[in-house]
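Here the structure is laid out as structure tokens; the discussion comes afterwards.
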Amino acid sequence: MNLFGDLISSRKLLVLPIPVGDLTGIDSDSFMFTPESSDIVRPKELPTITIGLVDGCYLNCVYCLASAPNQVTQKLTTEETVQILRESRELGCRTLVLTGGDPFLHEGLTDIVREAIRLRYSPIQVSTKGIEVEKQNAQELRETGLHWVQFSADSLDKDIYEKIVGRKGAYKRMFRGLYTLLNNDFRILLRAVVSKFNIEHMTDFCRQANDMGVAEVRADMIQLIGNRSTYHLLPSKSQIETFLQEIELAKKELPNMEIRSMVQYVGPPPQCGGGRIKMYIGANGNVTLCDGLAFSGDRFICGNIRYNTLQEIWNSKNTDELRKLRTDDRKCIACSLSELCNAGCRLRSMAETNDPDAPDPICGKISPDRVDEIYLYGMKR
């Protein structure tokens, strides 16, 4: 057994310099041992931080977990965000994601990105729906040295797009934003959330993106975030299988553009990176494990950057409680990886069982009769 396995089996692992992956050959001096706290894994470093700069978004997407207001009602100030960046770097953070709402609604976006580059964050991802992108703010952002933008558009067909985003007239504004970014020499990662509305049109989506000069397409299967309110948007198993076949053909047809599809299968224990490799800070200053849990109740709030430093929150009892194995399921307790996976994704557990403390059903040890199957919520559709 390798060092990682020895530590897990002895239940003495508290602090990992990196929290996931094969740790064979890692020097034991990299670890701290506190046997009395064997149910917590707290990395020394925080690799990734996601910051929701504002809560506002013009769109009303059918699957949105945030139910974001159309106008900005809460935001982090530029000064607060810069302080978060500095405190995160002190924790070893390098990967930065700026989101919202839509970060282009924040008047200090350019200054924030410029400071992140000065602090040597890399990669830096700005995620936008494009509605608020204008010639001036795109040019100013490009002049900071940022060269990648994640652009979310679930279809490039007008009727399908506006049905999903819930706004008439949004299609024209989205395209204007996309072309403005392309014309300012941004490399675009075009992300689509795949639902029953657009799953049969993804090949055409990829072709159009390629024709426009998009660098990468990522198609993420829609997830039930914490509840079943979007259950009716889920595609069927046969639709997903056809989608996967068509995506493989599109990869061969369009070799100059990277195409990735994110479909989940029942199998190895899923690892939750929240509190281990990432944290999320919302526009109200609340810190939690991920953006989904930010809207799932006070229980999942680790702290607030307006009252505590990020390091205090990272090392707090609230955060440690969320790092602990949350279930008494016998299969989880007996599993040698339970300290790391922490029973998987709480959001998926809530969607499937209405219990955030239940083990993640995507784990093959929890759902042995479904191993290697495409993961479908609740029933085989």
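In region 289-315, what residues are of a type in the set (G, A, S), in contact with a Ser or Thr (Cβ under 7 Å, 6 or more places away or on another chain) and at pLDDT below 95? Outline the logic, then answer.
Of all residues in region 289-315, those of a type in the set (G, A, S) come to 292, 294, 296-297, 303.
Then drop every residue that is not in contact with a Ser or Thr (Cβ under 7 Å, 6 or more places away or on another chain), which leaves 294, 303.
If the condition is that a residue be of a type in the set (G, A, S), in contact with a Ser or Thr (Cβ under 7 Å, 6 or more places away or on another chain) and at pLDDT below 95, then A294 is the only one that fits.
How about region 339-349: which of its residues are surrounded by fewer than 22 Cβ atoms within 10 Å (Cβ to Cβ) and in contact with a Ser or Thr (Cβ under 9 Å, 6 or more places away or on another chain)?
Across region 339-349, the qualifying residue is only E339.
Name the residue, out of I301, I247, I277, that is β-branched (V, I, T) and over 18 Å from L322 (Cβ atoms). Steps first, answer last, please.
Values: I301 fails: over 18 Å from L322 (Cβ atoms); I277 fails: over 18 Å from L322 (Cβ atoms).
Unique residue meeting the criteria: I247.
For region 332-342, enumerate the residues that are in a loop (DSSP other than H, G, I, E, B) and either under 18 Å from the mean Cα position of the chain (by Cα) or at pLDDT 95 or above (or both). Please lay out each step first, then the result.
From region 332-342, those in a loop (DSSP other than H, G, I, E, B) are 335-337, 342; that's our starting set.
Within region 332-342, just N342 meets the criteria.
Would you please name the residue that is nearest to L376 (Cα to Cα), looking only at residues in region 257-279 that are in contact with a Leu (Cβ under 7 Å, 6 or more places away or on another chain), part of a strand (DSSP E or B) and of a type outside the set (A, V, I, L, M, F, W, C)?
Step one: of region 257-279, the residues in contact with a Leu (Cβ under 7 Å, 6 or more places away or on another chain) are 261, 263, 269, 271, 274-275, 279.
Retained after the next criterion (residues that are part of a strand (DSSP E or B)): 261, 274, 279.
Next, from what is left, pick out any that are of a type outside the set (A, V, I, L, M, F, W, C): 261, 274.
Working: S261: 16, G274: 23 Å.
Only one residue fits best here, namely S261.
Give Y179, Y161, Y231, Y171 a once-over and let me know the one that is among the aromatic types (F, W, Y) and touching a residue at least 60 places away in the same chain (Cβ under 8 Å).
Values: Y179 fails: touching a residue at least 60 places away in the same chain (Cβ under 8 Å); Y161 fails: touching a residue at least 60 places away in the same chain (Cβ under 8 Å); Y171 fails: touching a residue at least 60 places away in the same chain (Cβ under 8 Å).
So the residue among Y179, Y161, Y231, Y171 that is among the aromatic types (F, W, Y) and touching a residue at least 60 places away in the same chain (Cβ under 8 Å) is Y231.
Looking at V165 and the list (1) under 23 Å from the mean Cα position of the chain (by Cα); (2) within 19 Å of I51 (Cα to Cα), which single condition is not satisfied?
(2)
Please go through region 191-220 and pick out each residue that is in contact with a helix residue (DSSP H, G or I) (Cβ under 7 Å, 6 or more places away or on another chain) and part of a strand (DSSP E or B).
A192, V194, V217, A219
Does region 347-363 contain any residue that is within 16 Å of V263 (Cα to Cα), of a type in the set (A, V, I, L, M) and in contact with a helix residue (DSSP H, G or I) (Cβ under 9 Å, 6 or more places away or on another chain)?
yes
Taking region 181-192 as the region of interest, how many residues are buried (at least 21 other Cβ atoms within 10 Å of the Cβ) and within 21 Å of the chain's Cα centre (by Cα)?
Looking only at that region, the number is 3.
Looking at region 290-331, which of its residues are polar (S, T, N, Q) and assigned to a helix (DSSP H, G or I)? Can you show your working first?
Pass one, region 290-331, residues polar (S, T, N, Q): 296, 304, 308-309, 311, 315-316, 318-319, 327.
Passing the criteria: Q311, N318, T319.
Looking at N286 and the list (1) at pLDDT below 90; (2) in contact with a strand residue (DSSP E or B) (Cβ under 9 Å, 6 or more places away or on another chain), which single condition is not satisfied?
(1)
Have a look at G275, G285 and point out the one that is more than 15 Å from the chain's Cα centre (by Cα) and on the phi > 0 side of the Ramachandran plot.
Values: G275 fails: more than 15 Å from the chain's Cα centre (by Cα).
Only one candidate passes the filter, namely G285.
The values are calculated or read from the model by the stated rules, or taken from the named source; none is laboratory data. What you see is a predicted model, and the numbers here were worked out from it, not measured in a lab. Note: ideal-geometry Cβ built from the backbone for every residue, glycine included; neighbour counts use all protein chains shown.
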